[in-house]
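Participant: Provided herewith is a single structure, encoded as structure tokens, for subsequent inquiry.
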Amino acid sequence: MNLYKNTFRFYDLIATDFDNDDLKFYENFLRSKNSKILEIGCGTGRVSIWLANHGYSVVGLDLSEEMLGVLKKK
């Protein structure tokens, strides 16, 4: 069952309420730019893209092909 089959287009619109404090948490936790990251359930890539833009090597996995499609377009 793909929960995002019909809603993937709207995910980023409703996910804008995040204050993004979690992104700094992840960066502080990782500290080393040599870290390789596997994000399971990456969705449309909010965290994966941010970490990649900050120098980390990131691989994102998600069950939803639609969500990954949005991520690839970003």
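Participant: With respect to the numbered conditions (1) at pLDDT below 75; (2) surrounded by 15 or more Cβ atoms within 10 Å (Cβ to Cβ); (3) not charged (D, E, K, R), which one is the sole condition not fulfilled by PHE18?
Facilitator: (2)
Participant: Return the residue satisfying two criteria in turn: it lies in the range 28-74 and is touching a residue at least 24 places away in the same chain (Cβ under 8 Å) and among the small types (Gly, Ala, Ser), and of such residues it is surrounded by the most Cβ atoms within 10 Å (Cβ to Cβ).
Facilitator: Among them, the one singled out is GLY45.
The values are calculated or read from the model by the stated rules, or taken from the named source; none is laboratory data. All of these numbers come straight from a predicted model, not from anything done at the bench. Neighbour counts run over all protein chains shown; Cβ positions are idealised from the backbone, glycine included.
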